[in-house]
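Structure first, commentary second.
The values are calculated or read from the model by the stated rules, or taken from the named source; none is laboratory data. Owing to the predicted nature of the structure, the values given are computational and were not obtained by experimental measurement. A quick note on method: Cβ atoms are made from the backbone with ideal geometry, for glycine too, and the neighbour counts reach across all protein chains shown.
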Amino acid sequence: MTPSLKAALVNGLLFPGLGHLLLRRAGRGCLFLLPTLLAGGYLLRRMAQLIMPLAEQVASGALPFDPELIAQRVEAAGLAGPAGNLAALVLLVCWLGSVLDALWLGRQHHH
């Protein structure tokens, strides 16, 4: 297995930009790693802000443990919104971009 294919797999299966470390391209890997961390952190923080009050309501009995009702509350909270959509897009672009970039680096190396 070529180093670029290993890097692409690490980027795709573990974390974007991490595979670039195998190629000794840490700076280039950070172009994928840092935005992914920021976007993922934003989404996780928003999700926690949404889930904690719902969990407390379920635990206190104020909200019945009804998956459909809970899903409606989650949807109404608007996690997706413009900022959430942008963060999800950043994650997608970084994930795909890091895989393709690792493969591209391997292709350049062989030419």
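Listing for the model above:
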{"quantity": "Any hit, the range 21-28, residues being out of contact with any helix residue (DSSP H, G or I) (no Cβ under 8 Å at 6 or more places or on another chain) and in a helix (DSSP H, G or I)", "calculated": "yes"}
{"quantity": "Any hit, the range 13-21, residues being at negative phi, free of Cβ contacts under 8 Å to residues at least 60 places away in the same chain and exposed (fewer than 12 other Cβ atoms within 10 Å of the Cβ)", "calculated": "yes"}
{"quantity": "Exclusive hit being touching a Leu at 6+ places or on another chain (Cβ under 7 Å) and either β-branched (Val, Ile, Thr) or not in a helix (DSSP H, G or I) (or both), set LEU50, LEU63, LEU54", "calculated": "LEU63"}
{"quantity": "Filtered residue count, the range 29-47, keeping only those that are within 18 Å of VAL74 (Cβ to Cβ), of a type in the set (A, V, I, L, M, F, W, C) and either touching a residue at least 24 places away in the same chain (Cβ under 8 Å) or part of a loop (DSSP other than H, G, I, E, B) (or both)", "calculated": "2"}
{"quantity": "Any hit, the range 68-82, residues being closer than 30 Å to ALA7 by Cβ, charged (D, E, K, R) and surrounded by fewer than 16 Cβ atoms within 10 Å (Cβ to Cβ)", "calculated": "no"}
{"quantity": "VAL74 modelled with pLDDT of 85 or more and among the β-branched types (Val, Ile, Thr)", "calculated": "no"}
{"quantity": "Complete set of residues in the range 27-46 that are closer than 15 Å to ALA7 by Cβ and exposed (fewer than 14 other Cβ atoms within 10 Å of the Cβ)", "calculated": "GLY27"}
{"quantity": "Among the candidates LEU37, LEU91, LEU33, residue that is at pLDDT 95 or above, under 22 Å from GLY106 (Cα atoms) and of a type in the set (A, V, I, L, M)", "calculated": "LEU33"}
{"quantity": "Any chance VAL58 is touching a Phe, Trp or Tyr at 6+ places or on another chain (Cβ under 9 Å) and either surrounded by 11 or more Cβ atoms within 10 Å (Cβ to Cβ) or in contact (Cβ under 8 Å) with a residue 12 or more places away in the chain (or both)", "calculated": "yes"}
